[in-house]
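Below: the structure, in structure tokens.
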Amino acid sequence: MLGVSGSVAAYKAIELCRLLMSEGARVLPVMTEAARRFVGEATFSALASEPVPAGLWTSVDPSPHTRLAREADMVVVAPATARLLGALANGICDDLLTAVLLATRAPVMVCPAMHTEMWENVAVMENAARLRSRGIVVLGPTSGPLAGGDEGLGRLVEPTAVLDAVRGILAGLHGAASDGTVARDGTVARDGTGSDGPATRDLAGVRVLISAGGTREPIDPVRYISNRSSGKQGYALAREATVRGADVVLVTAAEGMEPPVGSEVVAVETSREMERELMARCQDADVVVMAAAVADFRPARIQAQKISKADGVPDMALEATPDILSELVEVRRPGQVIVGFAAETHDVVPRARMKMAAKRVDLMVANDVSVPGAGFGHDTNAVEIIAADGASTSVPMTTKAAVARAVFDSVVDCLAKSSKESAARGKDPAKSSKEEF
Ligand code: C5P
């Protein structure tokens, strides 16, 4: 079901409707009164699978809200106005759209669109946080041009990004790859991992800090040392966590990647910057995933000027970079789950197990980057997820999105375990963090 509320961005819902239809979805459109002032009902009636229902009181259907609520596999509201977020957060239903939202048991995603001042109003922020904590996906807003020539945070996410998120949520529901395509009959292609799919939104209200990409360590103003990490796995992890309801911060050294919608993105270049940004944020995180390929060595001295070829081959001393993962473990707060990645080319699992013991992480994702198609730069990956008790889960070659799903399945297990342990001690750290709006 596609709900459209009254923002000028309602015109983008037309494109979203078209995209969903072209992917084979059955689209049931519902418009608020204000939405009808921005775009024509006839447009949606012509593009969608059925006409826009007249309203809660005027529809020929005796109970339009319960019919739509039951028929929908998913409800998307794009754009979602401040009023809509407020109504939903407070259980108010005074029109057909809010009535469906209250009546449905399907996953709900809202895509806010409003002026920056409105979005930053504490009431709106609290409403959005409340919705997230209940497992509703709040996608966006993003920054950019707003109505009336203004500029800033509050812009509706692009229809293609909404479509990606819909795919991700439906894939989670049906146990298919997050990048699986929606077939004509509305089902989602399976990814071959054999998973029946996790319950979606099991990370609602959980704060997740993820690192991605390969750091670049300068030699001089024009040269650097780096590695082949693309950041694709880290970005897939950020997308997966967002779709499952987490509040995600992505600290990334990756270049040229489309920012994952819904995550706060912090761009860094060097291991030093990555260390600073992660250490500043780790106390606010319930889960930390170190997917970045942090350089292990950097030039001991950065030359202020370009080293000239005419001066011959430079004699360049290297020094070790800080091990950020070990530092994070050092300051780990109770109940926090920390995940490391071990990219190896030989003796992969034994080496990953050794690293796991040395770094005292909850999960270590062993990644054989010598396997064709796995690891650096590829869209596919094959990993072994090793838990602290020695148990391991094998994820054979699949998409990075599916690997991300398997990693967060294991994270959810760790969170449940740590919350059980602290409940036994009379304290629930995961719960206290979820209750902070
Ligand atoms: O020991 P190794 O570098 O192979 O461990 C890999 C894990 O440690 C990854 O999760 C990586 O993000 C992290 N790491 C780090 N700081 C470094 C090097 C690696 O946090 N300087």
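The values are calculated or read from the model by the stated rules, or taken from the named source; none is laboratory data. Model, not experiment: these values are computed from the prediction. Cβ placement follows ideal geometry from the backbone for every residue including glycine, while neighbour counts extend to all protein chains displayed. The area values use the complete protein model at the heavy-atom level, side chains included, leaving out ligands, DNA and RNA. Shrake-Rupley method; radii C 1.70, N 1.55, O 1.52, S 1.80 Å.
Points worth noting:
- Segments 76-82, 28-34 sorted - mean Cβ within 10 Å per residue, highest first: 76-82, 28-34
- Rounded to 10°, Cα long-axis angle of helix 232-243 versus longest principal axis of the chain: 30
- Using C-alpha pairs under 8 Å with a sequence gap of at least 6, the mean separation divided by the residue count of the chain gives a relative contact order of 11 percent.
- For V265, the amide hydrogen comes within under 5 Å of the amide hydrogens of L250, counting only partners 5 or more places away or on other chains and with H modelled in the peptide plane.
- Cα gyration tensor, region 62-102 - rounded (a/c under 1.5), prolate or oblate: oblate
- Dipole magnitude for region 207-425: about 160 debye, using +1 per Lys or Arg Cβ and -1 per Asp or Glu Cβ, origin at the Cα centre.
- Mean Cβ neighbour count within 10 Å, used as a protection proxy, ranking 295-308, 350-363, 147-160 highest first: 350-363, 147-160, 295-308
- Under the Karplus curve 6.51 cos²θ - 1.76 cosθ + 1.60, θ = phi - 60°, whole-Hz ³J(HN,Hα) for region 128-139, x wherever Gly or Pro sits: 5, 5, 5, 4, 4, 5, 8, x, 7, 7, 9, 9
- Three-way shape label, region 2-174, alpha-carbon gyration tensor, a/c 1.5: rounded
- As a rough guide to protection, the peptides 108-115, 257-264 ranked by mean Cβ packing within 10 Å, highest first, stand as 108-115, 257-264.
- Coil-residue trypsin sites (Lys or Arg not before Pro) of region 47-101, DSSP, other Cβ within 10 Å capped at 16: none
- Antiparallel DSSP beta bridges within the chain, as percent of all bridges there, nearest 5: 40
- Within the accessible area of the chain, the carbon and sulfur atoms contribute 53%, probe 1.4 Å, all protein chains present.
- DSSP-defined beta bridges in region 2-174 - what % are antiparallel, rounded to 5: 25
- Solvent-accessible heavy-atom area per residue, rounded to whole Å², over region 207-425 at 1.4 Å: 46
- Shape call, the chain: gyration tensor on alpha carbons, a/c limit 1.5: prolate
- Cβ charges +1 (Lys, Arg) and -1 (Asp, Glu), total dipole of the chain, debye: 460
- If you count Lys pairs in the chain whose Cα atoms are under 20 Å apart, skipping same-chain pairs closer than 8 places in sequence, the total is 7.
- For region 345-358, Karplus couplings with θ = phi - 60° (6.51, -1.76, 1.60), whole Hz, Gly/Pro x: 10, 8, 6, 4, 5, x, 5, 5, 5, 5, 5, 4, 5, 5
- Integer Hz, Karplus 6.51/-1.76/1.60 couplings in order for region 319-332, x for Gly and Pro: 10, 6, 8, x, 7, 5, 4, 5, 5, 5, 5, 4, 9, 3
- Positive-end residue of A343, C282, I302, charge dipole of region 270-347 with Cβ unit charges: I302
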